[in-house]
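Asks: Can you keep this structure in mind? I'll have questions shortly.
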Amino acid sequence: MKVLVAGGAGFIGTNLIEELLREGHQVVCIDNLSLGNTNNLSVLMENPAFIFYEGDICDRNFLANIFEKENLDYVFHLAANSDIRASAQNPDVEYKNTYTTTYQILSCMKEYGVKKIFFASTSAVYGNKLGVLLDENTPKLEPVSYYGAAKLGSEALISAFSYMNDLKALIFRFPNVIGPHLTHGVIFDFIKKLNCDPENLEILGDGNQTKPYIYVKDLVKAILKFMNSVEEKKENVILYNIGVNTATSVKRIADILCEEMGLTNVRYHFTGGPVGWKGDVPRFLYCLDKVHNAGWCAEYESDEAVRKTIQNILATKID
């Protein structure tokens with residue numbers, strides 16, 4: 001197939017594109033490079049089955065020209081502002097990069113007859129529901145971050161466009177994703193801080209924020225496994241929680257990092273409070289029964305994913 005990966009120069013996108021090309025697909029990538037990095041695409045640029053467009057997905061003319069030119073079969077929509085902490089100061093970022101990108105992509109799919117889409121959603125759509133086991137049918141979704149709200153709004157747009165235009169959509173709600181090509185997040189921040197001062201580490205909150213971390217290679221395997229399942233189902237929209245069975249605290253991440261960096265005398269300085277920033281969800285319980293019953297399970301649990309990611313970043317000597 002010829003597929004579009006929107007936001008393909010980002011962390012998840014580059015990992016997905018590598019596997020799509022390996023499976024023999026033609027890949028068209030669009031990214032505005034606000035968070036993406038062309039360094040991640042340098043090897044891919046040499047592949048004749050790969051095309052890269054730098055530009056704004058919110059620019060309807062720019063996007064429509066690509067749809068008209070490329071004759072696409074499938075869209076993987078990964079374009080979003082994935083730096084939740086940064087957007088807490090400016091909700092316009094989410095409205096444009098997360099919500100509006102979804103509307104423009106769906107509008108072009110409608111206009112040019114593209115019938116299949118994968119959408120990267122998030123556990124943040126559930127909100128802060130302590131003690132509740134979150135499954136795909138959890139009622140009363142109440143996101144507390146602008147990011148979660150924009151993703152939930154995007155899910156609603158996909159539902160409506162799918163019904164009105166006979167589209168087939170696969171939606172994954174997943175937690176923190178880490179691994180090769182990581183560009184931001186707690187691991188990335190801790191490494192930068194310790195490179196500047198190997199004896200002191202500031203940790204936002206009380207360090208007890210505990211979340212599941214999924215390794216990006218596991219996520220990509222799930223996308224590839226289920227990408228064509230939309231053709232086999234009667235429903236227009238198929239939704240899965242994607243994740244791991246375990247979780248890792250922020251303090252545990254710091255401990256693993258210090259072990260891998262060989263640092264034995266680091267003093268932790270906690271800013272205090274149960275969350276790192278307003279809109280953060282310090283912990284949640286994720287039900288994975290549906291995806292497990294469908295035949296997928298992550299290879300790496302949370303602590304393993306954290307350690308492998310740290311090893312990868314340290315090996316690439318990121319400052």
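Asks: Within segment 102-156, which residues are at pLDDT 95 or above and basic (Lys, Arg)?
Replies: Correct list: Lys110, Lys115, Lys116, Lys151.
Residue-wise test of (1) crowded, with 16+ Cβ neighbours inside 10 Å; (2) over 27 Å from Val244 (Cα atoms).
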| residue | (1), (2) |
| --- | --- |
| Glu46 | no, yes |
| Ile84 | yes, no |
| Ala88 | yes, no |
| Leu106 | yes, yes |
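Asks: Please state which of the following conditions Ser154 fails to meet, knowing it meets all the rest: (1) crowded, with 16+ Cβ neighbours inside 10 Å; (2) outside any helix (DSSP H, G or I).
Replies: Among (1) crowded, with 16+ Cβ neighbours inside 10 Å; (2) outside any helix (DSSP H, G or I), Ser154 violates only (2).
Asks: Got at least one residue in segment 235-254 being more than 19 Å from the chain's Cα centre (by Cα), under 26 Å from Arg22 (Cβ atoms), not aliphatic (A, V, I, L, M) and not in a helix (DSSP H, G or I)?
Replies: Looking through segment 235-254, none of the residues is more than 19 Å from the chain's Cα centre (by Cα), under 26 Å from Arg22 (Cβ atoms), not aliphatic (A, V, I, L, M) and not in a helix (DSSP H, G or I).
Asks: Quickly run through segment 261-284 and pick out the residues that are exposed (fewer than 14 other Cβ atoms within 10 Å of the Cβ) and assigned to a strand (DSSP E or B).
Replies: Once the filter is applied, which keeps residues that are exposed (fewer than 14 other Cβ atoms within 10 Å of the Cβ) and assigned to a strand (DSSP E or B), segment 261-284 yields Arg267, His269.
Asks: Among the residues of segment 247-259, is any under 30 Å from Ala156 (Cα atoms), surrounded by fewer than 17 Cβ atoms within 10 Å (Cβ to Cβ) and either touching a residue at least 12 places away in the same chain (Cβ under 8 Å) or not hydroxyl-bearing (Ser, Thr, Tyr) (or both)? Steps first, please.
Replies: Quick first cut of segment 247-259, residues under 30 Å from Ala156 (Cα atoms) only: 247.
Narrowing further to those that are surrounded by fewer than 17 Cβ atoms within 10 Å (Cβ to Cβ): none.
No - not one qualifying residue is present in segment 247-259.
Residue-wise test of (1) over 20 Å from Phe76 (Cβ atoms); (2) surrounded by fewer than 20 Cβ atoms within 10 Å (Cβ to Cβ); (3) outside the structural domain of Ile117 (by TED's automatic domain parsing).
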residue	(1), (2), (3)
Ser159	no, yes, no
Met164	yes, yes, no
Phe188	yes, yes, yes
Pro198	yes, yes, yes
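Asks: What is the number of the single condition among (1) surrounded by fewer than 19 Cβ atoms within 10 Å (Cβ to Cβ); (2) more than 17 Å from Tyr286 (Cα to Cα) that Ser145 does not meet?
Replies: Just one mismatch for Ser145, condition (1).
Asks: Inside segment 157-199, can you point out the residues that are touching a residue at least 60 places away in the same chain (Cβ under 8 Å), out of contact with any Gly (no Cβ under 9 Å at 6 or more places or on another chain) and part of a helix (DSSP H, G or I)?
Replies: Those that are touching a residue at least 60 places away in the same chain (Cβ under 8 Å), out of contact with any Gly (no Cβ under 9 Å at 6 or more places or on another chain) and part of a helix (DSSP H, G or I): Ile158, Ser159, Ser162, Tyr163, Ile187, Phe188, Phe190, Ile191, Lys192, Leu194, Asn195.
Asks: Can you pull out every residue in segment 186-215 that is touching a Ser or Thr at 6+ places or on another chain (Cβ under 9 Å) and closer than 16 Å to Asp303 by Cβ?
Replies: Residues satisfying the conditions are Ile187, Gly207, Asn208, Gln209, Thr210, Lys211, Pro212, Tyr213, Ile214, Tyr215.
Asks: Would you mind finding the one in Cys297, Cys258 that is in a loop (DSSP other than H, G, I, E, B), more than 24 Å from Ala149 (Cα to Cα) and assigned by TED's automatic domain parsing to the domain that holds Asp189?
Replies: Numbers: Cys258 fails: in a loop (DSSP other than H, G, I, E, B).
After ruling out the rest, the residue left standing is Cys297.
Asks: Still on this structure, please answer the following. Report yes if Val75 is closer than 23 Å to Gly13 by Cβ, touching a Phe, Trp or Tyr at 6+ places or on another chain (Cβ under 8 Å) and not in a loop (DSSP other than H, G, I, E, B), otherwise no. Step through it out loud before you land on a result.
Replies: Details: closer than 23 Å to Gly13 by Cβ: yes; touching a Phe, Trp or Tyr at 6+ places or on another chain (Cβ under 8 Å): yes; not in a loop (DSSP other than H, G, I, E, B): yes.
Judged against the criteria, Val75 is a match.
The values are calculated or read from the model by the stated rules, or taken from the named source; none is laboratory data. Since this is a predicted model, take the numbers as computed values, not measurements. Cβ atoms come from the backbone with ideal geometry, glycine included; neighbour counts cover every protein chain shown.
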